[in-house]
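Comments concern the structure below.
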């Protein structure tokens, strides 16, 4: 069923694609930055600090999205005993952690002028920090365990424990009183963010997705080279 | 179509996920008191007794309730059902204003009087340019 995961074919793509993804990323990212920093209006209440949101929100989305993906891949990899899926999950994780940290740091920078504090132990912020710890555990587990079977088992357990946290992060602002505001963008109902601010937000999201893709391709390429060097013709 | 082992692993994973969800749910349920970042004035009203510990109260700053004398700020936090009088000396955040969300950290003196040691402004989920805000107000 996973015949199309032929390493030599994938390798052809992963060794050539980063160049093009890089060009696309630079283009989208520059448009996004221009839109977010110059052309978009300031907020009626927050003034210019609203511009931090254009980095903060996409970063948080992507870090949640990547964790969900690595959980799905690890579980499928475990159930179908497919090593390739684990390697994809492993290569995705670093950009997830990066964006998790970006979301926390930009949130902190925004929090100081808006809320009046750098940090608050409210449900949203704390659960986001916990997600970061799960990312760390996942990446460290790949580093410290030599035995392949053991790594796969432990990273699967880490993703199962961590994935429970993802809906908690999403709904923390609705379930409990938090300092963090509820979601502005709703798919089913009307969003409470003006379209002139939504547009740069979506472009920045696209830019960050491309960046994650770029890092993923480079990481995954390295994994494939490692396999090649070991002289294995299949995963 | 899948082997017995694949099915076994699948149900094993499902069982683990369900039990983890259940245990996390129970933990959060029992810790609810600590997970909430602040209490509303109505929560305080229904509180049987209160101790001397630091708590946070959140709600909306009532319209026309901010009074500033020398370096002390007095205002009323409301959740449209109950109200609490707050006094605070110090700097308030920029976004602190009437009709907007606020979280006050400090000590309850009695059920309607609160002495804050820290004021945080709570931002809502509305994002719009000033012109749109002005247009909305003129409607």
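Values in this text are rule-based calculations from the coordinates and carry no lab data. What you are looking at is a predicted structure, and each value in this text was computed from that prediction instead of being measured. Cβ coordinates were reconstructed from backbone atoms using ideal geometry, including for glycine residues, and neighbour counts include every protein chain displayed.
By counting other Cβ atoms within 10 Å of each Cβ, how are B:4, A:51 ranked from fewest to most?
Values: B:4 7, A:51 20.
If I rank by nearby Cβ atoms, fewest first, I get B:4, A:51.
Run lengths n ≥ 4 of DSSP H only: what is the helix-derived mean residue ellipticity at 222 nm for chain B, with -39500 (n - 2.57) per run over all residues, to the nearest 500?
Working: 4 runs with 45 residues, N = 139.
Value at 222 nm, helices only, nearest 500: -10000 deg cm²/dmol.
Cut-off is 10 Å between beta-carbons; in what order do A:153, A:124, B:9 appear when sorted fewest neighbours first?
Values: A:153 14, A:124 23, B:9 18.
The fewest-first ordering by Cβ neighbours comes to A:153, B:9, A:124.
Give, in whole angstrom and from largest to smallest, the semi-axes √(5λ) of the equivalent ellipsoid of chain A, with λ running over the eigenvalues of the Cα gyration tensor.
On the way: eigenvalues 240, 98, 39 Å².
Values for chain A, descending: 35, 22, 14 Å.
Percent antiparallel among DSSP beta bridges with both residues in segment B:65-118, to the nearest 5?
Numbers: 15 of 19 bridges.
Percent antiparallel among DSSP bridges in segment B:65-118 is about 80.
If you restrict to DSSP beta bridges whose two residues both lie in the protein assembly as shown, what percentage is antiparallel, to the nearest 5?
Numbers: 28 of 34 bridges.
Roughly 80 percent of the beta bridges in the protein assembly as shown run antiparallel, per DSSP.
How many angstrom lie between the C-alpha centres of segment A:45-98 and segment B:21-52?
That distance is 31 Å.
Considering the zone a paramagnetic label at residue B:29 would reach in this model (a point 7 Å from Cα along the Cα-to-Cβ line), which residues of segment A:166-207 have amide N under 11 Å from it?
Under 11 Å, as judged by backbone N against the label point of residue B:29, lies no residue of segment A:166-207.
Write down the percent of antiparallel bridges among all DSSP beta bridges whose residues are both part of segment B:1-98, to the nearest 5. Before the final figure, lay out the partial values.
Working: 12 of 13 bridges.
So the antiparallel bridges in segment B:1-98 amount to around 90 percent.
Once both labels are modelled 7 Å past Cα along the beta-carbon direction, what's the residue B:124-residue B:111 spacing in nm?
The answer from the label model is 2.9 nm.
Round to the nearest 10 and give me the degree value, 0 to 90, for the angle of helix A:7-34's Cα axis relative to the longest principal axis of chain A.
The helix A:7-34 is inclined about 10 degrees to chain A.
Return the single residue from B:29, B:54, B:100 with maximal mean-square fluctuation; model: Gaussian network over chain B, springs between Cα atoms under 10 Å.
Sorting by GNM fluctuation, first place goes to B:29.
To the nearest 500 deg cm²/dmol, what mean residue ellipticity at 222 nm is calculated for chain A from DSSP H runs of n ≥ 4 alone, each contributing -39,500 (n - 2.57), summed and divided by the residues? Mind showing how you got there, number by number?
Working: 7 runs with 172 residues, N = 235.
Result for chain A: -26000 deg cm²/dmol, rounded to the nearest 500.
Given R₀ = 56 Å, FRET efficiency for residue A:150-residue B:97 by Cβ-Cβ distance, to 0.05? Spell out each step's value before the answer.
Working: r = 57 Å, r/R0 = 1.01.
For residue A:150 and residue B:97, the calculated efficiency is 0.50.
So, in nm, how far is label residue A:23 from label residue A:38 when the simple model puts each one 7 Å beyond its Cα toward the Cβ?
Taking the two extended label points, one gets 2.3 nm.
Please find, in a Gaussian network model of chain B (springs between Cα atoms separated by less than 10 Å), the residue of B:40, B:70, B:82 whose mean-square fluctuation is greatest.
Residue with maximal mean-square fluctuation among B:40, B:70, B:82: B:70.
Cα axis of helix B:4-30 to longest principal axis of chain B: angle in degrees, 0 to 90, nearest 10?
Its long axis makes an angle of about 30 degrees.
Applying 1/(1 + (r/R0)^6) with R0 = 51 Å to the Cβ-Cβ distance of residue A:195 and residue A:226, what FRET efficiency is obtained, to the nearest 0.05? Please report the intermediate quantities before stating the final value.
Details: r = 47 Å, r/R0 = 0.91.
After rounding to 0.05, the efficiency reads 0.65.
How far, in nm, would the chain grow between residue A:130 and residue A:185 when pulled straight, counting 0.36 nm per residue and subtracting the alpha carbon separation? Before the final figure, lay out the partial values.
Values: separation 55, 0.36 × 55 = 19.80 nm, distance 2.35 nm.
Additional length available on full extension: 17.4 nm.
Work out how far the C-alpha atoms of segment B:2-139 reach from end to end along every principal axis, then list the three figures in whole Å, largest first.
77, 47, 26
Hey, fewest Cβ within 10 Å first, where do A:30, B:42 land in order?
Numbers: A:30 11, B:42 16.
By the 10 Å Cβ count, ascending: A:30, B:42.
What are the radius of gyration and Dmax of segment A:63-144, computed over its Cα atoms and given in Å?
So, for segment A:63-144, Rg and Dmax equal 15.1, 50 Å respectively.
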